[in-house]
Each structure stands twice: as C-alpha cells, then as structure tokens.
Amino acid sequence: MRKLFESISGLVKRDADPLADARSATQWMKEIGQEDLGGRLSAVRAVLASVAGRPNHKLDNLLALFVIDEQIQTTYAQVCQQYVQNPRAGKAIEEKLWSDIIGFARDMLAAYHPFVVLEEPGPQEANGFHQASAKMLARALHYVGIQVKWHFFRFQAPPAQLWAATNQLYRLAEISNVDSDPFPLYPAQDATPTSCADEFIRIQMLATLNNGNFSLRQFDWADRWLASWSRHVQIERKYRDNIHQFCVNLAEPTGPAKIHAAIEGEMLRFWGVAELLAEMGRTMRALEGGDSPARLGLGDDARMPACLDFMRQLEILWSRERHQQHSRDERTQVSKLVQIASGLSNIFAAVRLDDERAMARASGRHAPDNDEVMDMKLYGYVTERTKQKLAAMQSRNHAYVSKAKAVEHDEWVIENQSAGGFGAVLPLNGHDWVRLGVLLAVRNEVQGSWMIAVIRRLNRMDAEQLYAGVQILTTTPVAASLKSMDEEQRAVPMSLDGGIDTIGLTMPKSALYIPYLGEGKRLNSLLIHTSDYAPGRVYQVVARDKAFMVRIADTLEKGPDWIWTAVEVLRRDA
C-alpha cells in the first residue's frame with residue numbers, strides 16, 4: 001500500500017503545473033536540476049511554450065515565471081559562455097549554440113508577452129501586477145538585448161521586430177511610470193540595481209558599436225560593462241544642443257541614430273555620453289595605475305592590456321561622436337576584380353617583389369652602359385661579354401615581374417569604391433579568415449603595385465554572403481628589413497668552423513615603411529609583426545638600399561598580428 005501511495009504521489013508530482021505558483025515553480029526547478037545543460041534548457045523551453053495557450057494569465061503564473069527565469073540563469077549563462085569562449089568553433093557547433101541561445105531568449109520573451117499586454121487584470125491582482133511590472137518589462141528588455149547582441153556577434157543587423165519590441169517595452173515602462181524604478185534584475189546572481197531605462201540604454205549604446213569594427217569578445221565585454229555604465233546615461237524627451245549625441249524614435253522599428261541637427265518630436269528620446277566617458281576615464285586611470293580588471297568589475301576574463309586598449313577605442317569612438325561629425329569619401333558603384341594577398345609573410349613578400357622590380361627597372365638601359373661606351377672606344381664595337389651582362393640584367397628584371405605574378409592571392413569582386421577604400425561582397429565559404437583588423441595587400445591589375453589595406457567593417461548579408469569594408473592605409477608601401485640592436489648586443493659570440501664569427505649574423509625581420517601624415521606633419525612609421533614590437537626598442541632599418549637607425553615610438557594602430565608604429569630616426573647609416 002505504501003509503495004502504491006508513493007507511485008501515485010510521484011505521478012501527481014510529475015504532472016504538477018510548474019507555472020501554477022512560485023512554490024510549484026521552485027519545486028519543478030529542483031526536479032529538472034538533475035538534467036544536463038541541454039536537458040534543463042529544453043525542459044524550461046517546453047514550459048515556456050505553454051504560456052501563450054493558457055486560458056488565463058494570473059499573477060501567480062507571472063511570479064512562477066519569475067522563479068523559473070531566475071533559477072535557469074546559471075544554466076543559460078554557461079551555454080552563452082560556451083559560445084563566447086569558442087569563437088572559432090566549427091560551423092555546426094556554432095550554429096547549434098547560436099540557435100539554442102537565440103531560441104531560449106525568444107521563448108522567454110514570448111512567455112512574458114501575455115503579461116506585458118494584459119490590459120485588465122482581476123481587481124484583486126491589479127496592485128500585484130503593477131508592483132511586478134517594472135521587473136517584468138526590464139526582463140523582457142533583457143531578452144530583447146540578448147537577441148540583439150547575438151545578431152551583432154554574427155555581424156548581422158537585428159531584425160526590425162526586435163527594435164520595435166525594444167521601443168514598445170520602454171514606452172510601456174514610461175506609461176506605467178516605472179521606467180526608472182531601481183531593483184536587481186536577478187538578485188541571486190547579481191544584487192546590482194538596474195531599471196527599464198538602464199536595460200533600454202544598454203541595448204542602444206551597444207548598437208552604436210555595430211559598425212563591424214569589433215570582435216565577438218569585445219562586443220561581449222562592451223555589453224557587460226554597459227550593464228553598469230548605463231546608469232551614467234540619462235534619457236531625456238527634449239533635445240539639448242552640445243549635450244545629446246544620440247536619439248531614437250519610439251514610434252519606429254529602428255535603433256539609435258546620430259544627431260546631426262536640432263530635432264524635436266513627441267516620441268523622440270535623446271541622450272549624451274559625457275558622464276559615461278567620465279566614468280570610463282576613472283576606470284582607465286585605475287587600470288593604468290596597476291589595478292586589475294577583475295577588481296574593477298570588468299570581468300574575470302578581461303585581461304590587460306587588451307581590455308584597456310579596447311576601452312580606449314570606445315573612448316575615441318564615443319568622444320568622436322560628441323565633438324565632431326566625420327564625413328566619408330563619396331562612394332561610387334562599380335563591379336570589378338581586385339587581387340587580395342593576406343598573411344603578413346605573404347604581404348611583406350609581395351611588397352618586396354614590387355620594390356625589387358622597380359629597382360631592376362631603374363637599373364635598365366635608360367642610357368648607354370659604361371661598359372658599352374668603353375668597348376666602343378677600345379674596339380669600335382660592343383664585345384660579347386658586355387652583351388651577355390646586359391642580357392642578364394634584362395632577364396633579372398623579367399624574373400621579378402614573373403615572381404610578382406606568382407604571389408599567392410585571391411580575387412574579390414568589389415561593388416563600391418571611394419578615395420579611401422572599397423566594399424566587397426564575399427561568399428562565406430572559404431573566407432573564414434576574413435576578420436576585423438586583418439591586413440591585406442591589394443592591387444587592381446597584374447602589372448600594378450600592391451597597396452596596403454585593412455578590413456574595417458564586416459556585415460553578414462545572409463547565410464551565404466559577407467560584406468567587407470576595406471580601408472587603404474597606403475598606396476606606396478616600401479619593403480624594409482629590421483635588425484634589433486638590443487638582440488645584437490645580447491647575442492653570445494660563437495665561432496663556426498673555419499673561424500667565422502657569428503656576430504652580425506642575426507636574421508633580419510620583415511617590415512613595411514608606411515608614409516603617414518599625422519597632425520599636419522609627415523611621420524616616419526613602420527608596420528611590423530606584433531612579436532617584434534617593444535616600446536623604445538632600437539632597430540637598424542634597411543629599405544631600398546638605404547640604412548637607418550630608429551627607435552620604436554608611439555603606436556598608431558594595432559591589428560590581430562601586426563602593429564603600426566611611429567619611429568624616431570636616430571641616424572642615417574652610410
């Protein structure tokens with residue numbers, strides 16, 4: 001009899017409604033706690049799917065949803081971290097994780113929706129619904145933000161319905177007069193207070209970074225930091241000149257826009273970033289003073305100097321939006337092929353071959369050769385030996401041209417171009433290496449010279465195509481070789497067989513000399529491999545048979561494996 005009672009009790013427990021009330025939700029979450037990550041998420045998603053079909057949506061159902069939402073956060077965060085920590089996972093794994101993360105956020109948003117649009121709750125529940133409305137709307141905004149963020153991870157523009165949901169949810173918070181009410185979003189995970197306004201501005205400020213210039217990891221950092229920085233941004237209904245830089249129209253399914261001129265509108269909301277930049281400045285000074293990113297609340301995975309460098313990029317971006325309007329070169333529509341070389345060693349080799357070809361041409365027969373003149377004076381004709389020497393010089397020139405043609409390269413179809421760069425549409429297949437900050441060598445034709453460029457923007461057009469925006473850094477790079485004087489001094493002298501001294505035999509490193517005009521004056525600069533960079537390091541630089549002694553100075557820009565740095569010329573060697 002006792003076993004029969006236990007089996008009946010177990011059946012009743014399994015059939016209990018997790019959304020009946022908060023107590024039922026708590027008990028049900030304990031029961032599914034034995035499942036693995038995927039099992040727990042699947043179980044919760046199945047319950048969420050049942051919300052819309054319920055005949056009534058009561059306050060107890062909403063409170064139960066709050067419990068399930070909070071207690072699944074640790075599981076959901078682990079799945080999200082799997083995606084963030086493996087940015088180069090295989091396509092199948094990436095697709096599954098992305099779909100699971102987006103799908104869960106979409107299901108949770110859909111589960112909150114019936115309560116958000118509930119117009120006339122029962123008289124006994126009206127006060128309870130009002131008290132819960134701020135948390136309900138903020139959590140709904142939170143799940144919209146997750147979807148927006150994960151679209152950015154793929155360089156995709158979020159669909160219009162997400163912007164519509166963002167603006168409508170915030171407008172409802174304003175109408176309910178709860179938009180600025182502070183409370184912890186998930187108290188068990190983080191007691192830091194937030195509000196509907198904070199969640200709204202977090203989404204909007206993250207969207208200002210969606211120009212393809214940042215990596216997945218950087219987007220994740222920015223989103224996390226904005227969770228605390230958003231409280232330093234004030235949303236206002238009236239535009240204030242020299243204060244506000246961004247606005248959004250709550251009546252339109254669109255994200256934030258830059259303000260170019262004074263504008264007014266009942267549904268427009270405005271904000272500036274002065275206080276946010278001040279907070280960032282305090283954080284950067286603390287990092288520069290030796291404080292750790294983790295202690296400053298930037299996250300355990302934030303490492304120096306990467307997070308400080310990224311914060312400086314954000315400061316430059318948002319400060320630029322405050323103080324100036326940058327005009328872009330006019331773009332024209334085209335359809336033509338360009339050759340693209342990638343990989344630092346391949347790029348350095350391509351430019352060096354250009355230089356060798358130019359030098360070979362310069363040494364060609366522009367005037368009678370000295371040996372020819374001497375032959376004519378002595379013999380009255382050009383000797384066979386001189387003819388063979390001249391033929392060898394011409395052959396060497398042709399060899400350089402052939403080598404230049406053999407540089408390993410790809411071909412891209414560009415669809416627009418400007419004075420400063422171009423845009424190309426690429427198939428995703430075969431272009432996994434195309435990432436922000438990757439250096440390129442570009443030329444328009446086989447006989448043309450290689451230019452140096454960098455990938456500035458990426459946008460996923462669809463499941464098959466990627467748009468890449470490319471900026472030309474220089475049209476006249478010069479191949480250079482580096483020899484570190486510091487390494488020469490530290491080298492241990494050795495003697496090879498035959499008594500040859502190894503001093504001075506340090507292998508040279510490849511680099512590029514880049515003409516650069518900064519702050520109205522021309523600067524000497526080098527583009528070098530990251531591993532060759534050290535502030536203050538002294539190099540002997542040889543370029544086009546001219547030698548210089550230089551010291552590494554200020555960094556102009558950094559890429560994934562390269563650094564563009566200004567150099568101080570110490571002397572010119574004979």
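The values are calculated or read from the model by the stated rules, or taken from the named source; none is laboratory data. Quantities reported herein were computed from a predicted structural model and do not represent experimental measurements. Here Cβ is always computed from backbone atoms with ideal geometry, including for glycine, and neighbour counts include all displayed protein chains. Keep in mind that these areas ignore ligands, DNA and RNA; they rest on the heavy atoms of the full protein, side chains included. Shrake-Rupley method; radii C 1.70, N 1.55, O 1.52, S 1.80 Å.
Values as computed for the structure displayed
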| read-out | value |
| --- | --- |
| In Å, descending, principal axis extents of the Cα set of region 412-489 | 55, 27, 20 |
| Rounded percent of accessible protein surface that carbon and sulfur make up, region 177-322, 1.4 Å probe | 48 percent |
| Solvent-accessible heavy-atom area per residue, rounded to whole Å², over region 61-110 at 1.4 Å | 44 Å² |
| Computed over region 65-165: relative contact order in percent, which uses C-alpha pairs under 8 Å that are six or more apart | 25 percent |
| Solvent exposure of region 176-333 as accessible area per residue, Å², 1.4 Å probe | 51 Å² |
| Inter-label distance, nm, simple model (7 Å from Cα along the C-beta direction), Asp545/Ser531 | 3.2 nm |
| Highest to lowest packing among 427-436, 242-251, scored as the average C-beta count within 10 Å | 242-251, 427-436 |
| With all protein chains modelled, accessible area of Asp100 [1.4 Å, Å²] | 50 Å² |
| For region 139-223: rounded, prolate or oblate by the Cα gyration tensor [a/c cutoff 1.5] | oblate |
| Mean Cα-pair separation over length for region 177-322, i.e. relative contact order, pairs under 8 Å, 6 or more apart, % | 19 percent |
| Förster-model FRET efficiency, 30 Å R0, Leu570 and Ser345, C-beta, rounded to 0.05 | 0.60 |
| Ile316 versus Ala52: modelled label distance in nm, points set 7 Å from Cα along the beta carbon direction | 4.6 nm |
| Apportionment of accessible area to carbon and sulfur, region 513-574, percent (1.4 Å) | 48 percent |
| Percentage relative contact order, region 122-221, counting C-alpha pairs under 8 Å, at least six apart | 32 percent |
| Region 224-329: trypsin sites (Lys or Arg not before Pro) in DSSP coil with no more than 14 other Cβ atoms inside 10 Å | Arg237, Lys238, Arg240, Arg295, Arg303, Arg328 |
| Peptides ranked, highest mean first, by Cβ atoms within 10 Å: ranges 151-162, 127-138 | 127-138, 151-162 |
| Label-point gap, in nm, between Glu557 and Arg23 - each point 7 angstrom along Cα→Cβ | 6.5 nm |
